[in-house]
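The values are calculated or read from the model by the stated rules, or taken from the named source; none is laboratory data. Owing to the predicted nature of the structure, the values given are computational and were not obtained by experimental measurement. FYI the Cβ positions are ideal-geometry reconstructions off the backbone, even for glycines, and counts take in every protein chain you see.
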Amino acid sequence: MENIFKYFKENEIKKFSTKYYENEKDIDKLMNMGILIKDGNIKINPLVKKSKSISMARKRMKTILDSWINNLDQIDDMQNQFRYDMVKYFKENPIGLMHKTYANMPEGTPENYKSGSGYAYILNGEVISLHVGFKPPSNAPEGCDKFKYMSNLGLIKIVSE
C-alpha cells in the first residue's frame with residue numbers, strides 16, 4: 001500500500017485503467033481510510049497531500065476528524081444552551097393567550113428569540129414557553145400540549161400538532 005500511496009502523490013489513476021485493476025484492493029482500502037478520494041479520477045485527499053507516508057496520512061486524518069467532531073460537539077452544546085435559555089426566558093416571561101393560532105411575544109423579548117421555528121408549549125390556551133429547533137432542552141415544560149410553531153419578528157403562528 002505504501003507504494004500505491006507514493007504513486008498517488010505523483011500521479012492520478014483513472015477509475016478503469018490497468019493500473020487501477022492491478023491495485024484495486026489496496027486502492028479500495030486507501031479510499032475507505034479517506035486517504036484517496038474520487039474526484040473524476042482517483043487522487044490523494046488534499047488534506048493529506050503533504051504526508052510522506054500512509055501512517056502520517058492516517059494520523060493527520062485522525063487529527064483533522066477529531067478537530068471537526070470537537071467543533072461539532074461545541075456547536076451542539078451552544079445550541080442546547082440557547083434552547084435551554086430560551087425556555088427559561090419564556091417561563092419567566094409568559095407569552096399569554098392565543099388568538100386562534102397566533103400569539104405575540106412579550107415586549108422586551110430579545111431579538112434572537114423573535115424569529116425561527118420549533119415547538120410551542122401550550123396549557124389552557126396560553127403559550128407558556130417555546131424554543132427554536134426541534135430538539136427539546138432538558139427544561140422543556142411537561143404536562144402540556146406541544147405544537148410546531150413559526151415566528152417572525154415576535155409574531156408566533158402555530159402551524160401543526
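State whether the residues of region 9-16 include one that is surrounded by 11 or more Cβ atoms within 10 Å (Cβ to Cβ) and closer than 30 Å to ASN139 by Cβ.
No - not one qualifying residue is present in region 9-16.
Keeping to region 35-59, report how many residues are among the hydroxyl-bearing types (Ser, Thr, Tyr) and either surrounded by 16 or more Cβ atoms within 10 Å (Cβ to Cβ) or under 18 Å from TYR21 (Cα atoms) (or both).
Residues in region 35-59 being among the hydroxyl-bearing types (Ser, Thr, Tyr) and either surrounded by 16 or more Cβ atoms within 10 Å (Cβ to Cβ) or under 18 Å from TYR21 (Cα atoms) (or both): 1 in total.
Please work out if LYS52 is under 30 Å from ASN3 (Cα atoms), in contact with a Lys or Arg (Cβ under 9 Å, 6 or more places away or on another chain) and of a type in the set (D, E, K, R). Spell out the reasoning first.
Working: under 30 Å from ASN3 (Cα atoms): yes; in contact with a Lys or Arg (Cβ under 9 Å, 6 or more places away or on another chain): yes; of a type in the set (D, E, K, R): yes.
It is true that LYS52 is under 30 Å from ASN3 (Cα atoms), in contact with a Lys or Arg (Cβ under 9 Å, 6 or more places away or on another chain) and of a type in the set (D, E, K, R).
Scan region 93-110 and tell me whether some residue there is within 25 Å of the chain's Cα centre (by Cα) and over 30 Å from MET1 (Cβ atoms).
Narrowing region 93-110 to residues within 25 Å of the chain's Cα centre (by Cα): 110.
Narrowing further to those that are over 30 Å from MET1 (Cβ atoms): 110.
Yes: one or more hits.
For region 83-105, give me each residue that is among the hydrophobic types (A, V, I, L, M, F, W, C) and part of a helix (DSSP H, G or I). Before the answer, list the steps.
Restricting attention to region 83-105, the residues satisfying the condition of being among the hydrophobic types (A, V, I, L, M, F, W, C) are 86-87, 90, 95, 97-98, 103, 105.
Selection gives MET86, VAL87, PHE90.
Could you please find all residues in region 17-30 being touching a Lys or Arg at 6+ places or on another chain (Cβ under 7 Å) and modelled with pLDDT of 85 or more? Steps first, please.
Initially, region 17-30 is screened for residues touching a Lys or Arg at 6+ places or on another chain (Cβ under 7 Å), giving 20.
Once the filter is applied, which keeps residues that are touching a Lys or Arg at 6+ places or on another chain (Cβ under 7 Å) and modelled with pLDDT of 85 or more, region 17-30 yields nothing.
Condition test on MET86, is it in contact with a strand residue (DSSP E or B) (Cβ under 8 Å, 6 or more places away or on another chain), modelled with pLDDT of 90 or more and aliphatic (A, V, I, L, M)? I'd like the intermediate steps shown before the answer.
Working: in contact with a strand residue (DSSP E or B) (Cβ under 8 Å, 6 or more places away or on another chain): yes; modelled with pLDDT of 90 or more: yes; aliphatic (A, V, I, L, M): yes.
When the stated conditions are applied, MET86 passes them.
Which condition number in (1) among the basic types (Lys, Arg); (2) under 30 Å from the mean Cα position of the chain (by Cα); (3) at pLDDT below 80 is the one that LYS14 fails?
So LYS14 meets the others, but not (2).
Can you pull out the residues in region 81-121 that are among the polar types (S, T, N, Q), farther than 15 Å from MET150 by Cα and surrounded by 15 or more Cβ atoms within 10 Å (Cβ to Cβ)? Even if it seems obvious, please write down each step before you answer.
Of all residues in region 81-121, those among the polar types (S, T, N, Q) come to 81, 93, 101, 104, 109, 112, 115, 117.
Then keep just the ones that are farther than 15 Å from MET150 by Cα; that gives 81, 93, 109.
Answer for region 81-121, where residues must be among the polar types (S, T, N, Q), farther than 15 Å from MET150 by Cα and surrounded by 15 or more Cβ atoms within 10 Å (Cβ to Cβ): ASN93, THR109.
So which residues in region 65-79 are among the charged types (D, E, K, R) and under 21 Å from ASN45 (Cα atoms), if there are any at all? Explain how you work it out, then say what you get.
Let us first name the residues in region 65-79 that are among the charged types (D, E, K, R), namely 66, 73, 76-77.
Across region 65-79, the qualifying residue is only ASP66.
Out of ASN80, ASN139, ASN71, ASN104, which single residue is farther than 30 Å from LYS15 by Cα and free of Cβ contacts under 8 Å to residues at least 24 places away in the same chain? Let's see the steps before the verdict.
On the way: ASN80 fails: free of Cβ contacts under 8 Å to residues at least 24 places away in the same chain; ASN139 fails: free of Cβ contacts under 8 Å to residues at least 24 places away in the same chain; ASN104 fails: free of Cβ contacts under 8 Å to residues at least 24 places away in the same chain.
On inspection, the qualifying residue turns out to be ASN71.
Assess whether GLN74 counts as being under 30 Å from GLY125 (Cα atoms) and under 24 Å from the mean Cα position of the chain (by Cα). Outline the logic, then answer.
Numbers: under 30 Å from GLY125 (Cα atoms): no; under 24 Å from the mean Cα position of the chain (by Cα): yes.
Taking the combined requirement at face value, the residue does not satisfy it.
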